[in-house]
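So the structure is just underneath, and the comments pick up after that.
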Amino acid sequence: MLDNGFVLNKKTIFENDIIQNYLKYSIQSLKAEEFKIYKSNNYSEDIKFSITTIIYDSKNDDLFFKNINSVLEQSLDNVELIIISNGAKISLLNRLSYLLSDHKNITIVINPVPQFEKVIVSLYCPVISLANLGLVLSKGHLFTWLSWDDEINRNYCKSIYEKYLKKGYKCFSPIPKAIDLDSRIMKKRTNDLLKTFEGLKDTVDSIDIMKSRIDKNRKVICISPGELLSFEREFLISRQGIDFDIDCSQYFRVSAGESIALVKDAFLFWRYHPNQAHLILGSYFNKTHIKRIKDLYKI
């Protein structure tokens, strides 16, 4: 059972001077005024990589554990995992409680007012607000948000972190591979994804990615949602955190003007299934937003 947690309220969160405007409003939009925090007994002083994942009341809890275990098995030491509950069943939380005693660098956040309202998702998605809450609570040099149904390979964090130390880039893209419910590679979908990375050098400019998605005469490059990107944590905070449009605005707003390093030894296993988080979320977005972004780009 989860116990010995502490309460963190929004007022305390906003005392951090680095949290400005958009990022502040993102977290402020959450209905809850305070959150219950549980931390593992052992926490490293120097966290290298922080990963946030958001769990909820699902019919597929095993996917949560595949996600979480892929983080716990990372070859890089001092990786932090922040699990945010957005209405997860008590039984699932109890299953997760062993992480606090058996592993280090684990934080479990209980959002007491779970939310996912279809009527406002086209304007602002509260799930993204929870990801930004994880960003503010995290301690790593690097940060990424991992969808509840996806997995990463064992050297994911190590490969990205080594590239960060060696080259000093701020934005990183892993290579996506499609998997099914049983974590088996889906060859055709994976090959289609990998073709969009063919011929690219070690880095790609975010503007070139957006050009390829807007201009029908160009070859589309880097087919992967923006949520797959990893960032230097302080850089991401300075760019006001993750934006509501996980595909386009991570390139247009967050990564704008930056070279995105392609980390070819870091694989994100993008799970395809009927309840795929990315497809569900995307189905609620107002498509006029994408048109507006295209129009602004042309201007």
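The values are calculated or read from the model by the stated rules, or taken from the named source; none is laboratory data. Predicted model only: the values in this text are computed from it and were never measured. In this analysis, Cβ positions are derived from the backbone assuming ideal geometry, glycine residues included, and neighbour counts consider all displayed protein chains. Just the protein is used for accessible areas: all its heavy atoms, side chains included, with ligands, DNA and RNA removed. Shrake-Rupley method; radii C 1.70, N 1.55, O 1.52, S 1.80 Å.
Near D61: Cβ cut-off under 13 Å, other residues only, Lys/Arg at +1 and Asp/Glu at -1. The net charge is +1.
Here's the picture: charge each Lys and Arg Cβ at +1 and each Asp and Glu Cβ at -1 in the stretch 163-217, and of T190, C171, N217 the one pushed furthest to the positive end of that dipole is C171. Summary of packing: across the peptides 196-203, 251-258, the per-residue average of other C-beta atoms within 10 Å ranks them, highest first, as 251-258, 196-203.
Computed from the Cβ-Cβ distance with R0 of 25 Å, the FRET efficiency linking V113 to S238 stands at 0.30. For N42 and D208, the FRET efficiency from 1/(1 + (r/R0)^6), where r spans their Cβ atoms and R0 equals 51 Å, is about 0.75. Working ranking of peptides 179-187, 21-29 by packing, defined as the average number of other Cβ atoms within 10 Å per residue, highest first, is 21-29, 179-187. Label-to-label distance, D182 versus D57, with points set 7 angstrom from Cα along the beta-carbon direction: 3.1 nm. Taking the Cα centre of the stretch 1-48 as reference, the dipole from Cβ charges on Lys and Arg (+1) and Asp and Glu (-1) amounts to some 220 debye.
The portion of the accessible surface of the stretch 1-122 made up by carbon and sulfur, rounded to a whole percent, is 48 (1.4 Å probe; DNA, RNA and ligands excluded). With a Förster radius of 35 Å applied to the beta-carbon distance between D77 and S259, the computed FRET efficiency rounds to 0.80. Within a straight-line Cα-Cα reach of under 14 Å, K66 can be paired with the following aspartates and glutamates, leaving aside sequence neighbours fewer than 8 residues apart in one chain: D149, D150, E151, D180, D182.
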